[in-house]
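Structure first, then comments.
The values are calculated or read from the model by the stated rules, or taken from the named source; none is laboratory data. Note that the coordinates shown come from a computational prediction; the quantities given were computed from them, not determined experimentally. Positions of Cβ are generated from backbone atoms using ideal geometry, with glycine treated the same way; all protein chains shown enter the neighbour counts.
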Amino acid sequence: MQLKSIRRSMFMGISMLSLAGLAGIGCTQLRNPETATPSSTPNSTISSQPNSAANQAQATPDPITEAPSREPDVIYVPTPVPVVNEMLRLANVTADDIVYDLGSGDGRIVIAAAQQRGARGIGIDINPERIQEANQNAQTAGVSDQVEFRQQDLFQTDFSEATVVTLYLLPELNVKLRPKLLRELQPGTRIVSHAFDMGDWEPEQVVEVDGKTVYYWVVPENPPDNLL
């Protein structure tokens, strides 16, 4: 009887130790999330890396490799060759001239000025496809050394060196461009526009070619205020 009591006591003791061990394991598993919380430093380090990269990107912006672009103001329609020839004749373009074509498209006006008149030409167009096409046409025509095509906004372009300016835009664009032309171009600079006039600025000549109209102006010494 005494032996049975001893065995019962031993069994109860072992059972209590086993339960205590299981309880201890359960508590350890429940604390794991709590003990993981202070070790969240790696997460904060990871999250800080993109911020650091972003700050570095802001501090050293990528260089701009292409001129700023926007949608063209007009749909490109090429000036017919007879009109191109008449524009150059009307402006009396010579080898001493620098011809700026604003909205140059495929480059035909400045290429013709170089080929036929020996002038130097600068074409301005906002469309990179037109610039690429114009450069190819200039190379084919053999005048790449006389002409240049720039992807620029004509309203922001410095064309003050021009002695001749050619246009084929729209009436409202001509009027919008007029003050810039009168302020920046030297007196005596010739301006020729295919199809459209410049509002209140009366042209010096108007010519018809194959049903197309060509307008011709000369920049005055003192432009009237109403044109600026």
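Does ARG117 count as at pLDDT 95 or above, over 25 Å from PRO82 (Cα atoms) and surrounded by fewer than 22 Cβ atoms within 10 Å (Cβ to Cβ)?
On the way: at pLDDT 95 or above: yes; over 25 Å from PRO82 (Cα atoms): no; surrounded by fewer than 22 Cβ atoms within 10 Å (Cβ to Cβ): yes.
Against the criterion (at pLDDT 95 or above, over 25 Å from PRO82 (Cα atoms) and surrounded by fewer than 22 Cβ atoms within 10 Å (Cβ to Cβ)), ARG117 does not qualify.
Screening LEU177 against (1) under 23 Å from the mean Cα position of the chain (by Cα); (2) in a loop (DSSP other than H, G, I, E, B) leaves a single unmet condition, (2).
Looking across segment 176-228, the residues that are surrounded by fewer than 18 Cβ atoms within 10 Å (Cβ to Cβ), of a type in the set (S, T, N, Q) and farther than 22 Å from PRO78 by Cβ come down to GLN186, GLN205, ASN222, ASN226. Identify all residues within segment 180-208 that are within 27 Å of the chain's Cα centre (by Cα) and among the polar types (S, T, N, Q); write none if there are none. The answer is SER193, and nothing else.
Condition (residue is assigned by TED's automatic domain parsing to the domain that holds VAL93, surrounded by 16 or more Cβ atoms within 10 Å (Cβ to Cβ), modelled with pLDDT of 95 or more and part of a strand (DSSP E or B)) applied to segment 151-164: is it met by at least one residue? Yes, that holds for at least one residue. Among the criteria (1) surrounded by fewer than 16 Cβ atoms within 10 Å (Cβ to Cβ); (2) not in a helix (DSSP H, G or I), the one VAL99 does not fulfil is (1).
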